[in-house]
Amino acid sequence: MAAKVLIATYSKTGSTKRVADQLQNLIPGADTFEIKVPAGTFPNDMFATNDVAKEQIDSGNYPELAGTMPDFSKYDLVLVGSPVWSAAPATPIHTFLEKMAGFSGKVATFYTHAGTPGAYEQVFEQWAQGLNVLPGHAGGSNLQQWVDKLL
Ligand SMILES: Cc1cc2nc3c(=O)[nH]c(=O)nc-3n(C[C@H](O)[C@H](O)[C@H](O)COP(=O)(O)O)c2cc1C
């Protein structure tokens, strides 16, 4: 039986969502989930958002998520999409990964950035402690190859 895949994405300005859409086309039958925060969690401005995210990381007060979480137990693989924020995943990803605690399937991240992803994947792995994390993908080309290795 084909592996059951969930593509869960946080995207503030649409770039990571575009990669999620490409992945959905590459993985027949994959479910999708939009990771959302309540309105007003982040300002519109990138630098102001960066300050809010930094404060969340420093204080350990990560943002609440909006809506009901998926039933992770239905999936063999969860792909988690995020923009790079200050060389780390966007802070809603921290909350999402906490909600995935106990998930025994595979987890891998895809991400988009403006040229300096820094230690994104290492930070993702730290935030995903206890989960079975496989190598990620920095958006762009070769998505198919990445997916083939994961499935
Ligand atoms: C708060 C904030 C911090 C960012 N920090 C970085 C960074 O450290 N390195 C980088 O290459 N791009 C950085 N960017 C750019 C985003 O990663 C990039 O535009 C991404 O594709 C946006 O994805 P989205 O449209 O799905 O939100 C940052 C953007 C924001 C809003």
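Can you tell me how many residues in region 13-31 are buried (at least 17 other Cβ atoms within 10 Å of the Cβ) and more than 12 Å from the chain's Cα centre (by Cα)?
4
Spot the failing condition for Thr109; the list is (1) within 17 Å of the chain's Cα centre (by Cα); (2) assigned to a loop (DSSP other than H, G, I, E, B); (3) of a type outside the set (Asp, Glu); (4) surrounded by 13 or more Cβ atoms within 10 Å (Cβ to Cβ), and only one is missed.
With respect to (1) within 17 Å of the chain's Cα centre (by Cα); (2) assigned to a loop (DSSP other than H, G, I, E, B); (3) of a type outside the set (Asp, Glu); (4) surrounded by 13 or more Cβ atoms within 10 Å (Cβ to Cβ), Thr109 is out only on (2).
Any residue in region 122-136 that is at positive phi sitting within a Cβ distance under 7 Å of a residue that is assigned to a loop (DSSP other than H, G, I, E, B)? List the pairs, counting only those 6 or more apart or interchain.
Gly130/Ala101
Quick check: anything in region 50-73 more than 21 Å from Tyr111 (Cα to Cα), basic (Lys, Arg) and either within 14 Å of the chain's Cα centre (by Cα) or surrounded by fewer than 23 Cβ atoms within 10 Å (Cβ to Cβ) (or both)?
no
Please name all residue pairs, on different chains or six or more residues apart, with Cβ atoms under 6 Å, provided the first residue is in region 74-102 and is over 20 Å from Gly14 (Cβ atoms) and the second residue is within 8 Å of the ligand (Cβ to nearest atom) and small (Gly, Ala, Ser).
Pairs that qualify, where the first residue is over 20 Å from Gly14 (Cβ atoms) and the partner is within 8 Å of the ligand (Cβ to nearest atom) and small (Gly, Ala, Ser), are Ala87/Gly118.
Scan (1) out of contact with any Pro (no Cβ under 8 Å at 6 or more places or on another chain); (2) at pLDDT below 95; (3) of a type in the set (Gly, Ala, Ser); (4) farther than 17 Å from Val107 by Cβ for the single condition Ala2 breaks and write down its number.
(1)
Considering only region 119-137, I want to know if a residue exists there that is near the ligand (Cβ under 10 Å from one of its atoms) and crowded, with 18+ Cβ neighbours inside 10 Å.
Within region 119-137 (the criterion being near the ligand (Cβ under 10 Å from one of its atoms) and crowded, with 18+ Cβ neighbours inside 10 Å), the answer is yes, since at least one residue qualifies.
Could you grab me the full set of residues in region 81-106 that are within 8 Å of the ligand (Cβ to nearest atom), of a type outside the set (S, T, N, Q) and in a strand (DSSP E or B)?
The initial filter retains those residues of region 81-106 that are within 8 Å of the ligand (Cβ to nearest atom), namely 81-88, 90.
With the extra rule that they be of a type outside the set (S, T, N, Q), the set shrinks to 81, 83-85, 87-88, 90.
Result: Gly81, Pro83, Val84, Trp85, Ala88.
Please verify whether region 28-49 includes one or more residues that are touching a Gly at 6+ places or on another chain (Cβ under 7 Å) and modelled with pLDDT of 95 or more.
Yes, region 28-49 has at least one match.
For Val78, indicate whether it is in contact with a Gly (Cβ under 8 Å, 6 or more places away or on another chain) and either at positive phi or more than 12 Å from the ligand (Cβ to nearest atom) (or both).
yes
The values are calculated or read from the model by the stated rules, or taken from the named source; none is laboratory data. In this text, all values refer to a predicted model and were calculated from it rather than measured experimentally. Cβ: placed from backbone, ideal geometry, glycine included. Neighbour counts: every protein chain shown.
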